[in-house]
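Colleague: One structure coming up, written as structure tokens, with questions to follow.
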Amino acid sequence: MSNKMALYRVDKFSVPQAAREEFLQRICDTHQVLRRQPGFIRDVLLEQVEGPGRFNIVTIAEWESQEAIDAARTVVMEAHAKSGFSPQETMARLGVEADIANYRPVDVK
């Protein structure tokens, strides 16, 4: 599949230092599930020191289509529900802020 057809799910999280280890573990657990889903191409996890006591964590996952993203989201949400994990409650408890969106490549000539 051409990269021009792919979509990128970009999640940016601002994470307090005290929550870093727990939050990173949750991100890694979630990405283990995502990597096994149809339409998944690849991902990367990035980190940046935002300032004293805070980090930015960015995940970028490349997918074949919006349908693949939607199907994977359903699988992840079912896995979270089965394990009793609530991402929204955990992020609120840890003081994590999120900016989440899907992006398409720009064809620059």
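The values are calculated or read from the model by the stated rules, or taken from the named source; none is laboratory data. These numbers come from a predicted model, not from an experiment. Keep in mind that these areas ignore ligands, DNA and RNA; they rest on the heavy atoms of the full protein, side chains included. Shrake-Rupley method; radii C 1.70, N 1.55, O 1.52, S 1.80 Å.
Colleague: On the accessible surface of region 6-102, probed at 1.4 Å, how many percent belong to carbon and sulfur atoms?
Modeller: On the way: 2960 of 5620 Å².
Summing carbon and sulfur atoms, their accessible area is 53 percent of the total for region 6-102.
Colleague: Under 5 Å between amide H atoms, partner at least 5 residues away or on a different chain: which partners does Glu50 have, H built in plane at 1.01 Å?
Modeller: Phe55, Asn56
Colleague: I need the phi-derived Karplus couplings for region 48-58: 6.51 cos²θ - 1.76 cosθ + 1.60, θ = phi - 60°, integer Hz, Gly and Pro marked x.
Modeller: Running phi through 6.51 cos²θ - 1.76 cosθ + 1.60 with θ = phi - 60° gives 9, 6, 7, x, x, x, 9, 10, 9, 10, 10 Hz.
Colleague: When all protein chains stay in place, what accessible area (Å², nearest 10, 1.4 Å probe) is found for Ile60?
Modeller: My reading of the accessible area for Ile60 is about 50 Å².
Colleague: While we're looking at this one, here's another question. What label, among (1) 36, 29, 27; (2) 41, 38, 17; (3) 36, 34, 19, belongs to Cα extents along the principal axes in Å computed from the structure on display?
Modeller: Of the listed options (1) 36, 29, 27; (2) 41, 38, 17; (3) 36, 34, 19, (2) comes from this structure.
Colleague: Per residue, how much accessible area does the chain show when a 1.4 Å probe rolls over the protein heavy atoms, in square angstrom? Numbers along the way, then the final one.
Modeller: On the way: 7030 Å² over 109 residues.
Ligands and nucleic acids excluded, the figure is 64 Å² per residue.
Colleague: Subtracting the Cα-Cα distance from 0.36 nm times the residue separation, let me have the gained length for Arg42 to Ile27 in nm, one decimal.
Modeller: Working: separation 15, 0.36 × 15 = 5.40 nm, distance 1.48 nm.
Taking Arg42 through Ile27 to full extension adds about 3.9 nm, to one decimal.
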